[in-house]
Structures are given as structure tokens and as C-alpha cells.
Amino acid sequence: MRLQRCLLALALSLFATAARAELVVAVDTRLGITRLSREEVVNIFLGRYRKLPSGQAAMPIDQPTSSPLRKEFYRRLVGKDLSEINAYWARLIFSGKTSPPMQTENTEDVGPLIQAIPGGIGYLERSQLTPDLRVVLEMAP
Amino acid sequence: MPLACLMLQPVHPLLFALALALPIGVAAEDKDPPRLGIKGFGTLGLARSDDSDAGFVRDLSQPRGLTTHWSGKIDSVLGVQANYRFGERTEAVLQAVSRYRYDNGFGPEITWAFLRHDFSPEWSLRAGRIGTEFFMLSDSRLVGYANLTVRPPVEFYGPLVFSYFDGLDLAATTQLGSGLLRGKLFAGHAAERAPVAPGLSWNLQGSRMFGGHVDYLSGPWQVRLGHTAIRFSHEMPINEFAGIDVLGLAPQLAAQGTWSHYDSLGVVYEQGALQIQGMVNRIHNETDQYEDSWAGYLIGAYRLGNFTPYTGYSQTRSSPLSLPAEMPAAQAAVIRYALSYSHSDQRTIFIGTRWDFAQNLALKAQVDRTHGQPDSRFLFRETTSGWDGRMTVFSLALDFVF
């Protein structure tokens, strides 16, 4: 119950800020990557080609389904609604191709997961960044 | 993770209090994604036409069509899929689908049952029962939620009676210029049957097939060139269908042992709210039993909030066959009549909208207006002598995924 209320409060506070959020795509500093193009981030998050410039396989991490950040991220990345993103994944999942990004249950797990998973890459609000994370693409509104 | 909860800014006082109140460990969870995932998709569809001189079907895997009464049979489908991960790179997928099929029933079928291994971000191999990709998007044409229209354009996808095959496919992806170049090769054996007439079906099981395609994806563009070939291992029951010994009189009509070739070119453009899809295909049959055909379609859609209105045009035409052998006129007439069932010459204009009214749910309404020649019968069932080639179809569909 408490967890749910925490999440609800989180969702509400994020909702108000999502539209003007400073969204960034980040990886672990240890990967040694400084920059990714928008196209590369599209390829990684839409499961077209999940490879980092370092040669390592990329493991994208999604914000929770209900997160306003997720909605905002895909809007800024490819100009698509979440329903369109869901339809896109329905095609790939049910034709047995690529899997969608791993999805966290809580928005605050994204940062730690980026570091915990080899090749982890995620998007978050700039204020959620920790010193171990490196911004590789800024998602301007 | 109460600590991480605290790091969010701006920190709401209520949030702060809640986070403090959270017992340590409650939110800590297993970081490994679950190994087993069960998902599903489905459509509740209703459609009717304004014509009782021909039965409208979604594709030729369906034995009987709908006419002037609302019917749920041609578009309704339910699929359940289990994915099991053996590790980061290996996955098993099992999918069962129930839909209106060749034997006039809804018996569930195992449509996918394969192992996928990603050797690297570039190379991926699947082995087992896999979806066929004769044309772009053809392996997801039962997943209504993934598609814009109520059903894939019948002129283009209607001749496809193959949904899956037993074999393997190998896919490779590489960067080329500013985009991605992707290629796939597949080979195996067909595993289905196709309806011919009520109570009569063509066994396609064991028919050898292979093919491949090349995709180029760049920005909003995706282009695909594909080819598939299939060699029929069983004879089409044309003798039973015609009621005379057709193959004895005209051996060149045999389908067994002959190849059919499917070529296609598809282009998809998706920029923000705008979606455009266009494809052309050509089907060449070595047997003289089926006419060669070409088909094409174009769909345009623009999303306005939760609504995505769309419109499209599709067309197909086949080349009439000639019967070279001399034979008694009465028998020639019967054979000609049997062969005329593979002729098509028609075009359809359709308009509709998709409404994403809730998460994982979409409602669609569509009207199709077909103008064809009276001898355009291939894509219909049970055409009568009154068939004039013109039909309007009204469709509603509720698509869902879970």
C-alpha cells in the first residue's frame, strides 16, 4: 500500500514536470561512450540494432508503463504516442522477433539498472543523474 | 528503493514523508527480468457486406465468406504466446492461435514454436515453427492491434494461405550510411492446408519453401525487397473440385512438383503523426492451374489525438490462362470453369479510423468499396452467376493485447 502511494505521488509530481522535463539518455561512465546520435538511440530503443559504438550489445531500459517520462521520451524521440509504441511492439513481440526494452517498475530504478546491466542504457530526468552516469544524448522538447 | 525515491526532484513533501515511511527493502526487487512471459492478442470483429452473390473472406485460408448478415467469423482471432528466456541471447517462443480456418472451424493451431538465438547484435537465428514473411508485415497480419486497418488489404494479402512453416531463418543487420541494412534468409517446409471448397482442402504440408528479403531503414523510411518460392508437394484436388479427371485431360495443370514465386517491394514512411505504406507484389505460378497476378496497395493515415483516420487503395489483376490442349468441348468447358476461379481483376477503396481509447485496446471502423469485373472471383467464396464484381463491406473491430 505504502509503495503504491509513493508511486502515485511520484507519478503525480512527474506528470506536472514531464512536459518541461530535461530528458537525457545516459549510460554508465565506464562504457567510455561520450555521444550517441538520435538515430542510434532510436535503433536501440526500437530494437532495430542494439549495438553500442564500443561494440558491446546495448541493453535499453524503459521507464514504467505509466511514467510520464516514458510518454515524453517517445514523443521527443520519434514523435509517437505510447499507443503507437505499444502497437509497434505488439508487431515485433507477436511475430517472435526482438523483445522490447526491459521495463522497470519504479522510475528510481532506472539509474541503478543502467549501471548494473552490462551495456545498460536508459533515459531519465537530468535531476536523476548520478556521477556514475554519462549523458550521451539530450532530448530537447 | 526509498533512497532513490528521495533523489527525485523536485522532492514533494508528501513524497518525502512517504519515502521515509517506507520500510527498507519493500521496493527492492529482483533485477533479473522474469524468465517466462505470457502475452496474448486478439480481435473481436464484426463485418457484413451489401452483396449476397459472393462471400467476402479475409484471405484464402478461410473456406466460407460473409454476406449481408453481420458476422464475427472472418476477423475474430485469439492468440496466446509464451516466451521463455534461457539467458540474454536465447529465447523460446510458443504461440497458439484460434481463428476461422480451412476446415470451417476455430480449432487452435500452434503457429510459432521456435528457439531464437542472437549470436550478436548483428546475427540472429531462429529454428522451429516460424511465421512466414512472404510480404512485409505478413507475419503479423493476425495481430489487429499492431495494424492500422481492420484487416490487411485483401487484394494484396488475400492469396496468402501460409501463416507459418517449419524450418529456420537467419537475420543479419548492419549499419550502412545513415541507416540500417537488414537481410533475412529462410528455408523450410509449409505445414498448413488450404480450403478449396466445402469439405475439400489442399494439403500444403511438406511443401518446400525458401526465400529472403533485404530491408533498408533510414530515418522515417523503411524499404523492403523480398522473394519467396514454394514447391507444392501434394496435388491440388482439382479433379474432385471439377468433378472430372482434369489432370488426365490436361496434365500441364498439375500443381504437384511445381514452384510458385512471390516477389514484393514495400515502402513504409512514418514521420510523427503521419504514416504511409505502399507495396506491390507479383505472384508467378509455374502450374497453369493458377493465373499469375500482380497487386499493390497504398495506405495513408494521420493521427489526431487518440484517433487515427486512414484511407487506402488496393488493386489486383491476374493474367488469363489459355488451354492449349485439344479436348472434347464439354470437358474443356468444365475445366475452363474450374480454372476461372483463379482470376482476379478488381480494386478497392477503403476508409476508416482507429481509436486508441484505452491502453492496449483499439476500436476500428472501416468501409471497403470494391469495384471489379464480374469474372473477378479468386478472392471471394461461393460466387453466384449474379456476381457483378462490386461489393461494399462494413467492418468493426475491437483489438486488444494483454
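The values are calculated or read from the model by the stated rules, or taken from the named source; none is laboratory data. None of the values given here were measured: they were computed from a predicted structure. Positions of Cβ are generated from backbone atoms using ideal geometry, with glycine treated the same way; all protein chains shown enter the neighbour counts. Protein only, heavy atoms only, side chains kept; ligands, DNA and RNA dropped before computing areas. Shrake-Rupley method; radii C 1.70, N 1.55, O 1.52, S 1.80 Å.
Work out which trypsin sites (Lys or Arg not before Pro) in chain A are exposed loop sites (DSSP not H, G, I, E or B, at most 11 other Cβ within 10 Å) and give the longest gap free of them. Each step should come with its number before you reach the end.
Numbers: sites that count: A:20, A:35.
With a cap of 11 other Cβ atoms within 10 Å, the longest stretch comes to A:36-141.
Determine the share of the protein assembly as shown's accessible area contributed by carbon and sulfur atoms, expressed in whole percent, with a 1.4 angstrom probe. It would help to have the intermediate numbers written out before the result.
Details: 13770 of 22780 Å².
For the protein assembly as shown, the apolar C and S fraction of the accessible surface comes to 60 percent.
Normalised by the number of residues in the range A:2-139, what is the relative contact order in percent for Cα pairs under 8 Å and 6+ residues apart?
43 percent
Rounded if a/c is under 1.5, else prolate if a/b beats b/c, else oblate: with a ≥ b ≥ c from the C-alpha gyration tensor eigenvalues square-rooted, which is chain B?
It comes out prolate by the Cα gyration axes.
Give the interface area between chains A and B as buried accessible surface, both sides summed, probe 1.4 Å, in Å² to the nearest 100.
For chain A against chain B, roughly 4500 Å² becomes buried.
If each DSSP helix of 4+ residues adds -39,500 (n - 2.57) and the sum is divided by the residues in chain A, what number results at 222 nm, nearest 500 deg cm²/dmol?
Dividing the helical sum by the residues of chain A leaves -12000 deg cm²/dmol.
If you count only protein heavy atoms with a 1.4 Å probe, what accessible area per residue comes out for the protein assembly as shown, rounded to a whole Å²?
42 Å²
Over all residues in B:142-149, what is the mean tally of Cβ atoms on other chains that come within 10 Å of each residue's Cβ?
For this peptide, the per-residue mean of nearby foreign Cβ atoms is 4.
Based only on Cα atoms, what Rg/Rh ratio does chain A have, Rh being taken as Kirkwood's radius? Before the final figure, lay out each step's value.
Working: Rg = 14.5 Å, Rh = 15.3 Å.
Rounded to two decimals, Rg/Rh equals 0.95.
For the charge dipole of chain B, defined by +1 on Lys and Arg C-beta atoms and -1 on Asp and Glu C-beta atoms about the Cα centroid, which residue among B:394, B:352, B:316 has the Cα displaced farthest towards the positive pole?
B:352
Summing -39500 (n - 2.57) over the DSSP H runs of n ≥ 4 in chain B and dividing by its residue number, what mean residue ellipticity at 222 nm do you reach, to the nearest 500 deg cm²/dmol?
Working: 6 runs with 39 residues, N = 402.
Theoretical 222 nm ellipticity from helices: -2500 deg cm²/dmol.
Mind checking the alpha-carbon convex hull of the protein assembly as shown and giving the volume per residue in Å³?
136 Å³
Taking θ as phi - 60°, what are the ³J(HN,Hα) couplings along the range B:48-62 by the Karplus curve (6.51, -1.76, 1.60), each to the nearest whole Hz, with x for Gly and Pro?
8, 10, 10, 9, 9, 8, 7, x, 8, 10, 6, 7, 6, 7, 9
Where in the range A:45-120 are there GluC sites (Glu not before Pro) that are in a DSSP coil and have at most 15 other Cβ atoms within 10 angstrom of their Cβ?
Those satisfying the criteria are A:105.
Could you tell me the relative contact order of chain B? Use alpha-carbon pairs under 8 Å, at least six residues apart, and round to a whole percent.
15 percent
Can you pull out the trypsin sites (Lys or Arg not before Pro) in the range B:66-152 that DSSP calls coil and that have at most 16 other Cβ atoms within 10 Å?
B:89
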